[in-house]
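**Student:** This structure is in structure tokens; I'll ask about it shortly.
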Amino acid sequence: MLGYCHQGWTSADRQYLYINDEFDEATHDVPTRTLVFDISNLEQPTLVNTFSSGSTAVDHNLYVHNGFIFEANYTSGLRIFDATMDQVSPPEVGFFDTHPSDDDATFSGAWSTFPYFPSGNVIISDQSKGLFVVDPGAALQNDNNPSD
């Protein structure tokens, strides 16, 4: 069941589309989840999986950069998933909680992220706490990504 999907991003090879549903946590009582669609055939996109951080926070905007998925999840902040390991079921490899008091399914907290700076830093815009600049370097280290 879907509630409200307003933003998505493709994998680098454009085979998969990652979408966050803003209303499923509160409306359908499911944990934060990202939907993965196989879009290799644009006339027949297919939902192939969902993945989750396990949080109850509402997910918002996500972006893919260098094989990693950077998600803003309102009350649980930035979540990073490693799609270099598995594009359909990427494991969570890091997070930065901008709203540590709770993970309620509300629309306050981390609005968006931007992972495209040459420095590698990621910014997180939080509606009530301001702008955060984080270094995700440790989260981006893995055996499949020797360039990090």
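**Student:** Expressed in nm to one decimal, what extension gain is obtained for the pair W111 and S40 from 0.36 nm per residue of sequence separation less their Cα-Cα distance?
**Tutor:** Residue separation times 0.36 nm, minus the Cα-Cα distance, leaves 22.6 nm.
**Student:** In addition: Hey, with R₀ at 30 Å, roughly what FRET efficiency would S119 and M85 work out to, going by the Cβ-Cβ distance, to 0.05? Kindly include the intermediate steps, with their values, before the conclusion.
**Tutor:** On the way: r = 24 Å, r/R0 = 0.80.
It comes to 0.80.
**Student:** Fewest Cβ neighbours within 10 Å first, please rank V133, V48, V58 accordingly.
**Tutor:** V133, V48, V58
**Student:** Within 10 Å of each residue's Cβ, count the other Cβ atoms and sort D86, D38 from fewest upward.
**Tutor:** Sorted ascending by nearby Cβ count, the order is D86, D38.
**Student:** Then there is this: What is the set of long-range amide H partners of Q127 at a cut-off below 5 Å, with H atoms built 1.01 Å from backbone N?
**Tutor:** G109, A110, W111
**Student:** Arranged by the count of other C-beta atoms within 10 angstrom, fewest first, what order do T34, T113, T10 take? Intermediate values should be presented prior to the final figure.
**Tutor:** Numbers: T34 22, T113 27, T10 13.
The order, fewest Cβ neighbours first, is T10, T34, T113.
**Student:** Here's a follow-up. Give me the distance in nm between label points sitting 7 Å out from Cα along the Cα-to-Cβ direction at S128 and C5, one decimal.
**Tutor:** 3.0
**Student:** Among I80, G54, A12, which residue has its Cα furthest toward the positive end of the charge dipole of the stretch 5-134, with +1 on Lys/Arg Cβ and -1 on Asp/Glu Cβ?
**Tutor:** Final value for the positive-end residue is A12.
**Student:** Please list, ordered by chain and number, the residues whose modelled amide H lies under 5 Å from the amide H of T32; skip anything fewer than 5 residues away on the same chain.
**Tutor:** It is G54, S55, T56, A57, by chain and number.
All of the numbers you see were taken from the coordinates with simple rules; none came from a lab. Here the structure is a predicted model, which is why all the values come from computation and not from measurement. Positions of Cβ are backbone-derived with ideal geometry, glycine not excepted, and every protein chain shown enters the neighbour counts.
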